[in-house]
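The values are calculated or read from the model by the stated rules, or taken from the named source; none is laboratory data. Remember, predicted model here, so these are calculated numbers, not experimental data. Here Cβ is always computed from backbone atoms with ideal geometry, including for glycine, and neighbour counts include all displayed protein chains. Just so you know, the surface numbers come from the protein's heavy atoms only, side chains and all, with ligands and any DNA or RNA stripped out. Shrake-Rupley method; radii C 1.70, N 1.55, O 1.52, S 1.80 Å.
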Amino acid sequence: MPGLCPASGPCTVVSDLHLFTRRSRAHAFQDQIEEAALRSHTLVLAGDIVDFRWSELGSDEATVDAAEQWIERLLERAPKLRLHYVLGNHDDHPQLIERLRRLEARHGRVRHERFELRIGNALFLHGDAGNPGMNAARLRASRGRTHGRSPRSLRAARAYDAAVAARLRVVGARVAFPERRLLARLHRYMGELDEGLTRGVRNVYFGHTHRALNGVEFRGRRFHNCGSPIDGLEFRILEADLS
């Protein structure tokens, strides 16, 4: 089944780095990410690792090249690492998908999924399934509308930077993603997926909301979120429980 992998060894989860944008502080965590990758059998990148929408590199091609270099560095530092990339709404891009396919052919230990990944008793997804009013069909339609969308203008990027500097992003996340409602939406979304992908899932790892969670219980499952290394937000590298 697509998105279903056997569990083996320690697993690290990282999401929402928003690389190559002005507002991201991901560079401050790079050594920690590489050290965690070196200790792990598997690294799951749970979406919005790269940010095509707000990239300051000038073009999609430059952003894809930089993303490939970033992944290659991880693979070089951790030669036994298996890397799974679950795409998010800011990096679900046809050029990145094609580059990930090339990396998979070159290394044999890279894999990508657009929406969900199951390893052991854990399910990994980006988390835009938890947006208000979202379901499986709407999520796929929403991703289709933004798939390969051109970067925002410099003026729009600067306006967004100003909002982040004022920490409006923090307030917005709390309003849009109240914890219990968010987990209820994700739980409902999982009910729409293939039963083989969700049966026995005990831990759910997701990104997107930029709200750090670690083991919040909801209807028999534990939910986890890395947060994001954007100014004013909490970020943590998670170790996934696959048992």
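So in segment 109-139, with the set limited to residues that are in a loop (DSSP other than H, G, I, E, B) and out of contact with any strand residue (DSSP E or B) (no Cβ under 9 Å at 6 or more places or on another chain), which one is surrounded by the fewest Cβ atoms within 10 Å (Cβ to Cβ)?
Here is the first cut: in segment 109-139, the ones in a loop (DSSP other than H, G, I, E, B) are 109, 114-115, 120-121, 126-127, 131-135.
Now restrict to residues that are out of contact with any strand residue (DSSP E or B) (no Cβ under 9 Å at 6 or more places or on another chain): 131-135.
Working: N131: 19, P132: 9, G133: 6, M134: 17, N135: 15.
It comes out as G133.
Quick check, is V50 out of contact with any Phe, Trp or Tyr (no Cβ under 7 Å at 6 or more places or on another chain) and not acidic (D, E)? Quick ask: steps written out before the conclusion?
Numbers: out of contact with any Phe, Trp or Tyr (no Cβ under 7 Å at 6 or more places or on another chain): no; not acidic (D, E): yes.
In short, no.
Does L75 satisfy the criteria of being assigned to a helix (DSSP H, G or I), more than 22 Å from N225 (Cα to Cα), modelled with pLDDT of 95 or more and within 16 Å of the chain's Cα centre (by Cα)? Lay out the reasoning, then the answer.
Numbers: assigned to a helix (DSSP H, G or I): yes; more than 22 Å from N225 (Cα to Cα): yes; modelled with pLDDT of 95 or more: yes; within 16 Å of the chain's Cα centre (by Cα): no.
Here the answer is no, as L75 does not meet what is asked.
Answer yes if at least one residue in segment 23-44 is open to solvent by less than 10 Å² (accessible area, probe 1.4 Å) and part of a loop (DSSP other than H, G, I, E, B), and no otherwise.
Scanning segment 23-44, I find no residue that is open to solvent by less than 10 Å² (accessible area, probe 1.4 Å) and part of a loop (DSSP other than H, G, I, E, B), so the answer is no.
Could you tell me which numbered condition L17 fails, if it satisfies all but one of (1) touching a helix residue (DSSP H, G or I) at 6+ places or on another chain (Cβ under 7 Å); (2) open to solvent by 20 Å² or more (accessible area, probe 1.4 Å)?
(2)
Those residues that are open to solvent by 60 Å² or more (accessible area, probe 1.4 Å) and either within 15 Å of the chain's Cα centre (by Cα) or touching a residue at least 40 places away in the same chain (Cβ under 8 Å) (or both), I need them from segment 80-93; list them, please. Full working, then the answer.
Filtering segment 80-93 down to residues open to solvent by 60 Å² or more (accessible area, probe 1.4 Å) leaves 80, 82.
Matches in segment 80-93: R82 only.
Could you give every pair whose Cβ atoms fall below 8 Å, whose first residue belongs to segment 226-243 and is over 13 Å from H18 (Cα atoms) and in a strand (DSSP E or B), and whose second residue is open to solvent by 50 Å² or more (accessible area, probe 1.4 Å) and modelled with pLDDT of 90 or more, counting only separations of at least 6 or pairs across chains?
L238/N214; E239/P10
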